[in-house]
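Worksheet: one structure, shown below.
Throughout, read-outs are computed from the coordinates displayed, never taken from laboratory work. This is a predicted model, so every value here is computed, not measured. All Cβ positions, even for glycine, are placed from backbone atoms using ideal geometry, and neighbour counts span all protein chains on display.
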Amino acid sequence: MTTINQKEAVYAAITSVLENAGHSMPAEGIDVATVMSKELRAQVNQILFEGFRAGSIELGKEFSDSDLKAYVSGLQSNWIRKDKRLNGGTQYVAKNPGSRAGSGDAQLKNMKALLSTLEVGTPDYNEVQQYITARIAEIASTKAKVTVDFASLPEALRSKYTK
C-alpha cells in the first residue's frame, strides 16, 4: 500500500471537504481559515484520522485514538497556516521564532523559570539572562557538529563524499 505524506493528506482532505461544501479551490489557493467552520474542520479531522488508522498517511509513531485525534487537529491547523495553497499564498512566519530553543535542556528550562521570578531590569535578572544566552549558544554549538558514518552510506555516496 502506498502512503502519502501528511502535508498532501491535509491538503487533499481540506479540498475534498470544501468542494463538498460548495467552495471551489482555485489553483493558487485560498485562505481556507476564513471558510473553515467547526463542522468542516471536524470532517477533515475524521478523514485524516481514518487515513492514519488505515495506514494510507505516513505516521512516524503509534498513537492511541485520543492522542491521534489531538494530533490530527493540530496537524490540520499547522498546514492551514503553513501551506501556501491553504493560506492564500502567504509566506509563513513564526510568531515567536526561537521560543523553543533549548526546550529539552533541564538547565536552561530551570534558568528560564528562575528568570520569570525576577524583576525585569534588575542586576539579578540581567545576570540570569546572561547565563541563559550563554547556555543557548552552547547548545547551538553542540548541535552544529554533525558526524557522518560514511561506512553506512551506499557505495555511490561513500565514494563521492569520502575525502
>> Under 22 Å between alpha carbons: how many lysine pairs meet that in the chain, if sequence neighbours fewer than 8 apart on the same chain are excluded?
In response: 19
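With charges set only on the Cβ (+1 for Lys and Arg, -1 for Asp and Glu), what does the dipole of segment 6-82 come to about its Cα centre, in debye to the nearest 20? Write out the running numbers ahead of the final one.
Working: 8 positive and 10 negative charges, 39 e Å.
The dipole magnitude comes to about 180 debye.
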> For segment 1-107, what is the convex hull (Cα atoms) projected area averaged across all directions, in square nanometres?
Replying inline: 8.5
> Among Thr142, Thr2, Thr133, what is the fewest-to-most ranking by other Cβ atoms within 10 Å?
Replying inline: Thr2, Thr142, Thr133
>> Compute, for the chain, the length of the dipole vector about the Cα centre, with Cβ point charges of +1 (Lys, Arg) and -1 (Asp, Glu) only. Units Debye, rounded to 20.
In response: 380
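Per DSSP H run of n ≥ 4, the term is -39500 (n - 2.57); total these for the chain, divide by its residue number, and report the mean residue ellipticity at 222 nm rounded to 500 deg cm²/dmol. Could you put the intermediate results ahead of the total?
Details: 6 runs with 90 residues, N = 163.
Value at 222 nm, helices only, nearest 500: -18000 deg cm²/dmol.
Order these by the 10 Å Cβ neighbour count, fewest first: Asp67, Asp149.
In order of increasing Cβ crowding within 10 Å: Asp149, Asp67.
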> Of Phe150, Leu68, Ala21, which is farthest along the charge dipole of the chain in the positive direction, counting Lys and Arg as +1 and Asp and Glu as -1 at C-beta?
Replying inline: Phe150
> Of Ala42, Gln129, Gly55, which is farthest on the positive side of the dipole of the chain, counting Cα position, with +1 on Lys and Arg Cβ, -1 on Asp and Glu Cβ, and the Cα centre as origin?
Replying inline: Gln129
>> If you split all Cα-Cα distances of segment 49-121 into 10 Å bins from zero, what percentages do you get per bin, shortest first?
In response: 15, 26, 30, 22, 6, 1
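For the residues Phe63, Phe150, Phe49, what sequence is obtained by ranking on other C-beta atoms within 10 Å, fewest first? Please report the intermediate quantities before stating the final value.
On the way: Phe63 15, Phe150 12, Phe49 19.
The order, fewest Cβ neighbours first, is Phe150, Phe63, Phe49.
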